[in-house]
1. When the helices in the chain are scored as -39500 (n - 2.57) per DSSP H run of 4 or longer and the sum is shared across all residues, what 222 nm value do you end up with, to the nearest 500 deg cm²/dmol?
2. At a Cα cut-off below 16 Å, give the aspartates and glutamates reachable from residue 32, other chains included and same-chain residues fewer than 8 away excluded.
3. On C-alpha positions alone, give me the angle between the axis of helix 135-147 and the longest principal axis of the chain, in degrees, nearest 10.
4. Starting from the amide H of residue 72, placed 1.01 Å from N in the peptide plane, find each other amide H under 5 Å away whose residue is 5 or more places distant or on another chain.
5. Using DSSP to define loop residues, name the trypsin sites (Lys or Arg not before Pro) in the stretch 185-227 whose beta-carbon has at most 10 other beta-carbon atoms within 10 Å.
6. Skip the ligands, DNA and RNA, and give the accessible area per residue of the stretch 1-149 with a 1.4 Å probe, whole Å².
7. Once amide H atoms are built 1.01 Å from N in the peptide plane, which residues 5 or more positions from residue 51, or in another chain, come under 5 Å H to H?
8. Using only the Cα atoms of the chain, build the gyration tensor, take square roots of its eigenvalues as a ≥ b ≥ c, and label the shape rounded, prolate or oblate: rounded if a/c is under 1.5, else prolate if a/b is larger than b/c, else oblate.
Amino acid sequence: MTLSDMLHHRRAVRHYDENKAVDSDKVRECLKLAQLAPSSSNMQLYEFYHITDQAVLKQLSEACLGQGAASTAPQMVVFVARQDLHRERARAVLAFQRGNISRTSPPEKVAGRLKNTEFYYGKLMPFIYARFFGLVGLLRQIIARSAGLFRPIVVDVSEADVRTVVHKSCGLAAQTFMLAMAEQGYDTCPLEGLDSRMVKRILNLPRGAEINMIVSCGIRKEGRGIWGERFRLPFESVYREI
């Protein structure tokens, strides 16, 4: 498929053919491709829970309010935002970049780039992604808005703002996964109508983890899989050229 083919083929499938299996290895490969999605500051603050166990699928179907897209799905993937892992992920990126900069930078620029990267991932990222009842975010806002009096600067740094950034990066990975699945001829449906507390209990997730969405996977059932023709607003109502 071309990208255009995949985009036109992909639909939110509401009922899967329960007689058609899904290859778990192919789903896993699609999740590897999902990791190639862009991620803010390359922090990759997410996890993918690939569910194939029938008992767990049944529990998740209940947590998804019994929707057909969940109850008929042979497999599911739970996309989880993990802002609580920001220090661990920052250290991982920093460790990689130390070698990357040394290998790929002109000799005269290695020291400067290393210094900037050490500051960015060693100090700035832990500060940006930290949260404590809104107080750390308030401090970031005060600093950013004060500096913004003299130069352009990112001002959306409250704890709610940063949480949104984490979920956007996770959502980009989920969208990449769904396109990869379409290339394999599989169907998906992104689910947000769910009891997130119940999902966390089922997967035994820590308090700091947050459910971004669940993507059910399978092959659409002819005549029932999709709800009629696709609707999109007229392009002119969403497009603005400046």
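1. Values: 10 runs with 115 residues, N = 242.
Estimated from H runs of four or more residues: -14500 deg cm²/dmol.
2. Filter leaves 23, 47, 183.
3. 60 degrees
4. Counting only residues 5 or more places away or on other chains, the set is 16.
5. Details: sites: 197, 200, 201, 207, 220, 221, 224; in loops: 207, 221, 224.
Within the stretch 185-227, the qualifying trypsin sites (Lys or Arg not before Pro) (loop, at most 10 other Cβ atoms within 10 Å) are 207.
6. Roughly 57 Å² per residue, with all protein chains present.
7. The list, which skips near neighbours in sequence, is 76, 77, 78.
8. Since a/c reaches 1.5 and a/b is larger than b/c, the shape of the chain is classed as prolate.
The values are calculated or read from the model by the stated rules, or taken from the named source; none is laboratory data. Not measured: the values here are computed from a predicted model. Every residue, glycine among them, receives a Cβ derived from its backbone with ideal geometry; neighbour counts consider all protein chains shown. We work out accessible area using only protein heavy atoms, side chains counted, and drop any ligands, DNA or RNA first. Shrake-Rupley method; radii C 1.70, N 1.55, O 1.52, S 1.80 Å.
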